[in-house]
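What follows is a set of notes on a single structure, which appears directly below.
The values are calculated or read from the model by the stated rules, or taken from the named source; none is laboratory data. Computed from a predicted model, the values in this text were never measured in an experiment. Here Cβ is always computed from backbone atoms with ideal geometry, including for glycine, and neighbour counts include all displayed protein chains.
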Amino acid sequence: MSVFSRYCLETLCFIALLLPPFFGLSQDSILLHSAKVEERYAAVVGAKLRTFDERVDGYSAKTLEKIIRQEKKMKAKMARVDSLKADRLFTYAIDSLKKFQAVFTNRTHRLSRFLGANYFSYLDTMRQSLSFYKQGQSALNTAKGLQGRMDSCLGAVGQAEARLATVDRLNGFLQQRQAILQTQLNSFPGLAAGLKNVNREVYYYKTQVSRYKQTLQDPEKIEQVVLGALRQTAGFRQFMSQNSELAGLLNPPAAAVAGIGGGTSVNGLPSGAALRQFMQKQLPNGGGDVVDKIRGQAIDAGSASPTSDAGAQLKSKLSGLQGNGDPTPPDFTPNGQHGRPFGQRLEFGANLQFGGTTQYLPASANFGFQAGYKLNDKCSFGLGAAYTLGMGTGWNHIRFSNQGLGARSYLKWKMKNGFYLQGGGEWNYLTSFTSLSQLKQPGGWQTSALAGTGREFKAGRKLKGSVQLLYDFLWNRHFPAAHPLVFRVGYQF
């Protein structure tokens with residue numbers, strides 16, 4: 001389907017969702033009868049989940065390979081001093097990492113919702129919206145083909161949940177592993193470099209998975225239309241309140257609570273005595289008073305140090321419910337470009353430089369275009385091309401002509417407050433030409449070695465302006481003679 005067709009379909013779907021109030025129809029019935037909307041919605045969600053799965057599995061397997069390789073190096077280094085301790089410290093950990101790697105490589109994730117997996121609101125919403133559609137299809141005896149697609153998409157949601165549960169368990173294992181290796185530094189200082197490499201990989205792994213999750217949550221247009229309409233329907237809101245994972249976590253079933261000990265409900269809510277009995281039933285062995293236990297756990301958690309197990313678990317759960325999952329601050333300067341796709345690390349720019357009339361050349365305008373690659377947040381390099389347009393010798397003699405072509409390279413290092421240092425080489429053909437065949441003359445090409453400074457400033461919502469002042473170290477070799485200082489203005493996008 002073409003982009004235009006997709007846009008038309010999604011627009012028609014949106015209009016269809018707005019029409020029911022004018023014709024006395026409920027939005028529930030329109031949604032349940034709109035097979036086109038359901039099919040498109042399931043297709044988009046399924047495609048996003050498959051891309052998410054592939055990215056997480058691939059990146060996890062590569063990260064584990066690097067960590068395993070680093071653990072083996074540390075084991076070999078420790079074995080030269082104490083082979084028995086090296087075996088105890090590393091063998092089990094390396095085997096465990098290999099098992100995790102096999103899960104990601106073979107994609108054999110198993111869903112275990114109640115073993116520490118953090119809550120992810122996007123997947124919960126997708127599950128409930130698809131289940132709501134499926135329930136409506138069953139009631140209307142919809143074609144089996146569409147029901148099969150809904151089942152397939154629900155299965156993809158389950159696989160993504162299982163994958164994130166595996167990621168959470170892996171992060172917990174890596175966090176414990178970092179703590180264990182940290183305790184060995186006093187006895188074996190030689191492990192410091194290896195531990196720093198492990199910490200770097202763990203930090204980048206958590207950052208990248210968070211980036212993948214954020215990308216997954218960015219809604220497509222069809223998702224905005226469908227979910228926006230569903231949230232306005234009373235039926236879906238009730239369905240969410242009864243079936244969502246978060247609702248089940250925070251709200252115990254009132255009937256189950258009220259049914260314990262013959263408790264009564266007040267305004268549809270269980271009484272305090274019934275709620276206390278329900279929570280008492282959930283505690284291991286049913287021992288002690290529930291209020292005392294909760295108070296004791298709260299005191300323990302509040303007094304725990306940031307590195308204690310209780311404090312770490314509490315922080316992990318809270319971060320999971322908040323949905324941030326930010327990694328802990330690293331002990332190194334992180335590269336913000338690490339793990340980003342190639343296209344997101346590219347930068348493009350254009351600049352302009354004017355030259356006045358000389359004995360040999362007319363007034364000119366030099367247009368430059370460049371494409372660069374970000375090595376990290378501060379450093380980038382790239383290549384470019386330039387074209388020199390001759391504009392005549394004055395207002396009374398305006399005449400456009402081809403006065404030159406050029407190739408450029410640059411290396412840029414950002415500093416504070418928008419300033420940066422830049423250097424590079426340029427090769428320019430500074431002779432008037434009328435056909436490209438003339439550019440083959442070797443004598444017409446001149447070389448420049450430039451270095452200087454510049455400053456970037458905000459020129460628009462997604463546009464940056466820049467000014468550059470560069471010094472040409474080879475200016476005295478040029479013919480005709482050129483000025484050693486080069487001033488340029490440009491834009492970057």
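Screening the stretch 193-233 for residues that are under 29 Å from H338 (Cα atoms) and of a type in the set (A, V, I, L, M, F, W, C) and picking the one that is surrounded by the most Cβ atoms within 10 Å (Cβ to Cβ) gives V209.
If the condition is being surrounded by 15 or more Cβ atoms within 10 Å (Cβ to Cβ), part of a strand (DSSP E or B) and either within 23 Å of the chain's Cα centre (by Cα) or of a type in the set (G, A, S) (or both), then the stretch 366-378 contributes G368, G372, K374. Of the residues making up the stretch 454-491, those that are in contact (Cβ under 8 Å) with a residue 60 or more places away in the chain and assigned to a strand (DSSP E or B) number 8. Pairing each residue of the stretch 46-68 that is of a type in the set (F, W, Y) with any residue that is part of a helix (DSSP H, G or I), provided the two are 6+ apart or on different chains, yields C-beta distances under 7 Å for F52/A160; F52/Y212; F52/L216; Y59/Q208. Could you tell me how many of the residues in the stretch 460-488 are loosely packed, with under 14 Cβ neighbours inside 10 Å and either touching a Gly at 6+ places or on another chain (Cβ under 8 Å) or among the polar types (S, T, N, Q) (or both)? Selection size over the stretch 460-488: 2. Taking the numbered list (1) within 35 Å of the chain's Cα centre (by Cα); (2) under 21 Å from F369 (Cα atoms) in turn, N417 passes all entries but (2).
Yes/no matrix, rows are residues, columns are (1) out of contact with any helix residue (DSSP H, G or I) (no Cβ under 8 Å at 6 or more places or on another chain); (2) modelled with pLDDT under 90; (3) surrounded by fewer than 18 Cβ atoms within 10 Å (Cβ to Cβ):
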| residue | (1), (2), (3) |
| --- | --- |
| E39 | no, yes, yes |
| V44 | no, yes, no |
| R69 | yes, no, yes |
| K72 | no, no, yes |
| S96 | no, no, yes |
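Got a sec? Which of Q147, Q135 is modelled with pLDDT of 70 or more and in a helix (DSSP H, G or I)? Result of the check over Q147, Q135: Q135. Filtering the stretch 428-443 for residues that are without any contact (Cβ under 8 Å) to a residue 24 or more places away in the chain, touching a strand residue (DSSP E or B) at 6+ places or on another chain (Cβ under 6 Å) and not basic (K, R) leaves an empty set.
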